[in-house]
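The block underneath contains the structure these notes are about, expressed in structure tokens.
The values are calculated or read from the model by the stated rules, or taken from the named source; none is laboratory data. This structure is a prediction, so every number in the text was calculated from the model and none was measured. FYI the Cβ positions are ideal-geometry reconstructions off the backbone, even for glycines, and counts take in every protein chain you see.
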Amino acid sequence: MKCFSRLQIVSAAILLLVSSLAWGTDVSMLKPPKGSKVAIIVFEDLECPQCAKASPMLHEAAKKYNIPLIQHDFPLRQHPWSYEAAVNARYFDSKSEKLGDEYRLYIFANQASVTKQNLRGISEKWAQDHGITLPFIVDPTGEFAAKVDADRAMGERIPLEHTPTVYIVNDSGRGAAVTEVPELTDLYQQLDIAVKAAGVTAEAHKPATAHKSTTR
């Protein structure tokens, strides 16, 4: 089961109706990074069990198709530690994108044992194991929180209904520009369609990497 926000659980039908009538769905900001024609985009919550299941598959798909994976933070407000974990990930991103990606994958892999009370200790230990120190105040200027907030605002603008929300984006001018993948069992089929429509082979793509969102 995907992770839904509390407000959406209470009044999902009303919100969807109002959104569709008043605003529709705005995915115009979703594009591959410069130099790539096709990419995978995911909005994820580090405390969401379905996100934890999806993350390895998305990384593997990006590697298989040699395309970028763009990760956006969408910490759900009812999850007690996901926002803090996202800020921690941004801190590690500032050291290197690879480090930030490894932290996210570690948190997903150990999600069941993480609590709001032990997240700090787990993150400190992980940082020490990777040769760095997690500062006492991770985000003194609010820079990392602002980036998390910007990603969440983007997701709310779309608007998202759940996490993870996965898109395949195609900037080639051929085929669908944005395709949502509601079921991950359809991911490879949809990637085949997008890559074929874009008229590129895996070798033609830039090397696959877990790109950060543009707000990172």
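Values as computed for the structure displayed
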{"read-out": "Single match in Leu99, Leu105 (criterion: among the aliphatic types (A, V, I, L, M), within 20 Å of Pro164 (Cα to Cα), surrounded by fewer than 20 Cβ atoms within 10 Å (Cβ to Cβ) and under 16 Å from the mean Cα position of the chain (by Cα))", "value": "Leu105"}
{"read-out": "Identity of the residue in the range 179-202, in a loop (DSSP other than H, G, I, E, B) and touching a Lys or Arg at 6+ places or on another chain (Cβ under 7 Å), that ends up nearest to Ser55 (Cα to Cα)", "value": "Val200"}
{"read-out": "Residue count for the range 142-178, restricted to those that are in contact with a Lys or Arg (Cβ under 7 Å, 6 or more places away or on another chain), within 16 Å of Ser28 (Cβ to Cβ) and surrounded by 21 or more Cβ atoms within 10 Å (Cβ to Cβ)", "value": "2"}
{"read-out": "Candidate set: the range 69-96, residues that are of a type in the set (Ser, Thr, Tyr) and surrounded by fewer than 22 Cβ atoms within 10 Å (Cβ to Cβ); chosen: the one nearest to Gly35 (Cα to Cα)", "value": "Ser96"}
{"read-out": "Near pairs, Cβ below 6 angstrom, 6+ apart or cross-chain, from the range 57-84 (closer than 16 Å to Leu46 by Cα) to any residue that is of a type in the set (Lys, Arg) and surrounded by fewer than 19 Cβ atoms within 10 Å (Cβ to Cβ)", "value": "Gln78/Arg6; Pro80/Lys116; Trp81/Lys116"}
{"read-out": "Flag if Ser113 is hydroxyl-bearing (Ser, Thr, Tyr), modelled with pLDDT of 95 or more and under 12 Å from the mean Cα position of the chain (by Cα)", "value": "no"}
{"read-out": "Identity of the residue in the range 31-75, part of a loop (DSSP other than H, G, I, E, B) and basic (Lys, Arg), that ends up farthest from Tyr103 (Cα to Cα)", "value": "Lys37"}
{"read-out": "Count - residues of the range 126-137 that are surrounded by 11 or more Cβ atoms within 10 Å (Cβ to Cβ) and either closer than 27 Å to Met57 by Cβ or at pLDDT below 95 (or both)", "value": "3"}
{"read-out": "Residue match in the range 189-204 (condition: more than 20 Å from Leu160 (Cβ to Cβ), surrounded by 13 or more Cβ atoms within 10 Å (Cβ to Cβ) and either of a type in the set (S, T, N, Q) or at pLDDT below 55 (or both))", "value": "yes"}
{"read-out": "Ala177 vs. criteria closer than 20 Å to Leu69 by Cα and in contact with an Asp or Glu (Cβ under 8 Å, 6 or more places away or on another chain)", "value": "yes"}
{"read-out": "Enumeration of residues in the range 156-179 that are within 15 Å of the chain's Cα centre (by Cα) and touching a residue at least 40 places away in the same chain (Cβ under 8 Å)", "value": "Ile158, Pro159, Leu160, Glu161, His162, Thr163, Pro164, Thr165, Val166, Tyr167, Ile168, Val169"}
{"read-out": "Residue match in the range 137-146 (condition: under 18 Å from Trp81 (Cβ atoms) and either touching a Pro at 6+ places or on another chain (Cβ under 7 Å) or without any contact (Cβ under 8 Å) to a residue 24 or more places away in the chain (or both))", "value": "yes"}
{"read-out": "Of the criteria (1) in contact with a helix residue (DSSP H, G or I) (Cβ under 9 Å, 6 or more places away or on another chain); (2) over 15 Å from Tyr167 (Cα atoms); (3) modelled with pLDDT of 95 or more, which one Lys63 fails", "value": "(1)"}
